[in-house]
Amino acid sequence: MKVKFIGGAGTVTGSKTLIESNGIRILIDCGQFQGLKPLRELNWEPLPVLPSSIDFVLLTHGHLDHCGWLPRLVSQGFRGKIYCSSPTVSIAKLILLDSAKIQEEEAERANKEKTAKHEIAEPLYTVEQAQEVSPLFRSVKHNETIMLDAEISARFFGSGHIIGACSIELILEGKTLIFSGDLGQDDDVLMFPPIKPKKADYIFVESTYGNKIHPEEDVKLLLETYINNTYHKDGTVIIPSFAVERAQTIMYLIWQLKLEDRIPNIPYIIDTPMGVDVLNVFYSNLNWHKLSKSECEEMRKVFTIISDYKETIETIYDNRPKVVIAASGMMTGGRVLSYLERYITRANTTLVIVGYQAEGTRGRKLIEGAKELKIFGKYYEVNANVIEIESLSAHADQKDLLNWLSELETKPQKIFLLHGENQPADELRIKIQEKYHYDCTIPLMYQEVEI
Ligand SMILES: [Zn+2]
């Protein structure tokens, strides 16, 4: 069979791996490229094969960098089935719709301001195109083996990370291939630890944090301290987070801190139009996370959930101390930018960064100490206190990644490292070779291998 890497190779976004066996084509994930402009431009490039010639898409989880290219795939002729876990169906639908709205709004704004280089700016896909993906989803149960063909089977098993996230085992031509998808941390407060594979011939592992060990820190205590310090300065805490990234974990920690009376009675605000919908996915998929229904309900009561932009504006102009969780997590777009426009210049603002920040994003610039930030074409001085809580990441660190490979009973023929920038992937490759003596490689974008 042939394996072709057409996204998420040498980068953390745009995840797409194409498998070709006996005339059957299977795409593992269909993600959108994000971050640096040359990467984002890849979203406009055609696939190396006709979308109509792909038979199946298997989705590891519902993050945009894993499912965000589906509307283009479908609009260009893909008519096969898209298999994933049931929470992933819900999350992916939300994410695609949200992404399409953002695309449409950005194109509209560019056309109004005539900032687009092309004559007319077009959205990558429209809301209508995003909706056309929905009928193709097929949900699979945890650990259930499904037959894609008489000879090809697939099995989805939990990878932690976010609700519904799975690793995928694909058996074809008598060989077992395992795709890790994004792996969560073993001790996540809401998600179960990733399930470790026992046997595989070829393993495709993410390497986002391949060169990092998350610090051992008391995240709850850190949040408590930042919230209280900012409150005493009459300031605002802003936590950029995508609705399905760390938002629920932060909600959980804030709820616990409130219960223990460790943080003040100020507004705790979730400002993302998807916030409520994602909580509903938690309610309806209770076996996919550690909370009971009543805990979900209790947690929710602590927060003011904003879905209307008018309320966003009111909240922004309300100068009282508050804690705001708003999308997007890497500050590439979304409501968080409106908050930053007003609050980033203030010394009594604390900006708490909790997720992975890809190259080229505002989040990465801020972590690297940017003194000014460009928002909607204007520069703002960064006077806010910018803090990163790395251990809150939804991603496994180097230790977790190595640990995920620790239960293999036989030596795999090869390990491919995906979903990482060059340095992290290479450091992980060296560690895996040192620790396990496995043959390990970092495929290049558009590389094809025969296995
Ligand atoms: Zn992810």
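Sequence gap at least 6, Cα distance under 8 Å: using those rules, report the relative contact order of region 154-270 to the nearest whole percent. Let's see the in-between values first.
Details: 137 pairs, mean separation 21.8, N = 117.
Taking the mean separation of contacting Cα pairs over the length of region 154-270, I get 19 percent.
Above 27 Å lies some portion of the pair distances; for region 219-392, what is it as a whole percent of all C-alpha pairs? It would help to have the intermediate numbers written out before the result.
Working: 3000 of 15051 pairs.
Cα-Cα pairs in region 219-392 separated by more than 27 Å: 20 percent.
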> What are the ³J(HN,Hα) values, in whole Hz, obtained from phi via the Karplus relation 6.51 cos²θ - 1.76 cosθ + 1.60 with θ = phi - 60°, for each residue of region 119-130 in sequence order, with x given for Gly and Pro?
Replying inline: 4, 10, 6, 10, x, 4, 7, 9, 4, 4, 5, 5
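Given all pairs of different Cα atoms, what value in angstroms does the Kirkwood hydrodynamic radius of region 177-322 take?
About 17.5 Å for region 177-322.
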> Using a cut-off of 19 Å between alpha-carbon atoms, which lysines can reach K2, once sequence neighbours fewer than 8 places away in the same chain are excluded?
Replying inline: K16, K175, K414
>> Taking amide H atoms as placed 1.01 Å from N in the peptide plane, list the residues 5 or more away in sequence, or in a different chain, whose amide H sits under 5 Å from that of L418.
In response: V205, E206, S207
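Cα-Cα pairs above 23 Å in region 126-212: how many percent? Present the calculation step by step, with values, prior to reporting the outcome.
On the way: 1297 of 3741 pairs.
Tail of the P(r) past 23 Å holds 35 percent of the pairs.
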>> Considering only C-alpha atoms, what is the centroid distance from region 75-132 to region 136-189, in Å?
In response: 26 Å
> Looking at P197, L340, V57, which one has the Cα that reaches farthest to the positive end of the dipole of the chain (charges on Cβ: Lys, Arg +1; Asp, Glu -1)?
Replying inline: L340
>> Could you work out [θ]222 nm for the chain from helices alone, using -39500 (n - 2.57) per DSSP H run of at least four and dividing by all its residues? Round to the nearest 500 deg cm²/dmol.
In response: -9000 deg cm²/dmol
> Exactly which GluC sites (Glu not before Pro) in region 86-142 are in a DSSP loop and have at most 11 other Cβ atoms within 10 Å?
Replying inline: E119
> Mind checking the dipole of the chain: about its Cα centre, +1 per Lys or Arg Cβ, -1 per Asp or Glu Cβ, Debye to the nearest 20?
Replying inline: 340 debye
> Excluding ligands and nucleic acids, what accessible area in Å² is computed for H214 using a 1.4 Å probe, to the nearest 10?
Replying inline: 10 Å²
>> Taking a ≥ b ≥ c as the square roots of the Cα gyration tensor eigenvalues, with a/c under 1.5 meaning rounded and otherwise prolate when a/b beats b/c, else oblate, which class fits the chain?
In response: prolate
> Where does region 298-428 land on the Kirkwood hydrodynamic radius, alpha-carbon pairs, in angstrom?
Replying inline: 17.5 Å
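Using a 1.4 Å probe on the protein chains only, how many percent of the accessible area of the chain belongs to carbon and sulfur?
On the chain, the fraction of accessible area on carbon and sulfur atoms equals 48 percent.
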>> Let me cross-check T176: its accessible surface, 1.4 Å probe, with only protein heavy atoms counted, in Å² to the nearest 10?
In response: 10 Å²
> Given a 1.4 Å probe, how much area per residue of the chain is accessible, in Å²?
Replying inline: 41 Å²
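Quick one: order K196, K310 from most to least accessible surface, probe 1.4 Å.
Details: K196 45, K310 140 Å².
Listed by decreasing accessible area, they come as K310, K196.
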> Can you tell which of L96, A150, C30 lies farthest toward the positive end of the dipole of region 1-158, using +1 and -1 charges on the Cβ of basic and acidic side chains (Lys, Arg; Asp, Glu)?
Replying inline: A150
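Taking the Cα centre of region 219-392 as origin, work out the dipole magnitude from +1 charges on Lys and Arg Cβ and -1 charges on Asp and Glu Cβ, in debye rounded to 20. Working shown, then result.
On the way: 21 positive and 21 negative charges, 40 e Å.
It comes to approximately 180 debye.
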> From the phi of every residue in region 60-72, what ³J(HN,Hα) in whole Hz does the Karplus formula 6.51 cos²θ - 1.76 cosθ + 1.60 yield, where θ is phi - 60° and glycine or proline is x?
Replying inline: 6, 6, x, 5, 4, 6, 10, 10, x, 9, 3, x, 6
> Which of the residue pairs K365/K431; K233/K399; K220/K293; K233/K301; K365/K399; K4/K411 have a Cα-Cα distance greater than 30 Å in the structure shown?
Replying inline: K233/K399
>> Using +1 at the C-beta of Lys and Arg and -1 at the C-beta of Asp and Glu, which of I6, G363, I254 has the Cα lying farthest in the positive direction of the dipole of the chain?
In response: G363
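The values are calculated or read from the model by the stated rules, or taken from the named source; none is laboratory data. Everything numeric in this text was worked out from a predicted model, so none of it was measured. Glycine also receives a Cβ, built like all others from the backbone with ideal geometry; neighbour counts cover every protein chain displayed. The protein model used for the area step is the full one, side chains on, heavy atoms only, and it has no ligands, DNA or RNA in it. Shrake-Rupley method; radii C 1.70, N 1.55, O 1.52, S 1.80 Å.
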